[in-house]
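Worksheet for the structure shown next.
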Amino acid sequence: MMRITMPEAFLLYVAVPLAVLLWVWLSFSARRGAWRRSARRTVVCRFCGERVTISPDRQEFRCPSCSAEQRVFAQEYHE
């Protein structure tokens, strides 16, 4: 029969759930990060040439550099 001392039991009691929580957190973070990266689009301002990242459902944006309001068409997306 295997004997486990009290400090070893406490270490297992703490380490195993923490390892599981870390694995779950890392797996969800990796999935969420990949989803967020793929859900962003880059467009170029027609006035100043600044690259602006927007969500794909937005049809209009304001350039942070020159404050120009612009409408975005599907063919204007840059990867």
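The values are calculated or read from the model by the stated rules, or taken from the named source; none is laboratory data. These figures come from a predicted structure and were not determined experimentally. So basically every Cβ, Gly included, is an ideal-geometry build from the backbone, and we count neighbours across all protein chains shown.
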Could you give every pair whose Cβ atoms fall below 7 Å, whose first residue belongs to region 55-66 and is of a type in the set (Lys, Arg), and whose second residue is surrounded by fewer than 12 Cβ atoms within 10 Å (Cβ to Cβ), counting only separations of at least 6 or pairs across chains? 62/69
Within region 19-30, can one find any residue that is out of contact with any Phe, Trp or Tyr (no Cβ under 6 Å at 6 or more places or on another chain), modelled with pLDDT under 90 and surrounded by fewer than 10 Cβ atoms within 10 Å (Cβ to Cβ)? no
Taking the criterion of being at pLDDT 90 or above, among the basic types (Lys, Arg) and outside any helix (DSSP H, G or I), would at least one residue in region 52-59 satisfy it? no
Examine region 35-47 for a residue that is surrounded by 10 or more Cβ atoms within 10 Å (Cβ to Cβ), out of contact with any strand residue (DSSP E or B) (no Cβ under 7 Å at 6 or more places or on another chain), in a loop (DSSP other than H, G, I, E, B) and at pLDDT 90 or above, and state whether such a residue exists. yes
Filter region 63-79 down to residues that are surrounded by fewer than 13 Cβ atoms within 10 Å (Cβ to Cβ) and part of a strand (DSSP E or B) and give me whichever is modelled with the highest pLDDT. 69
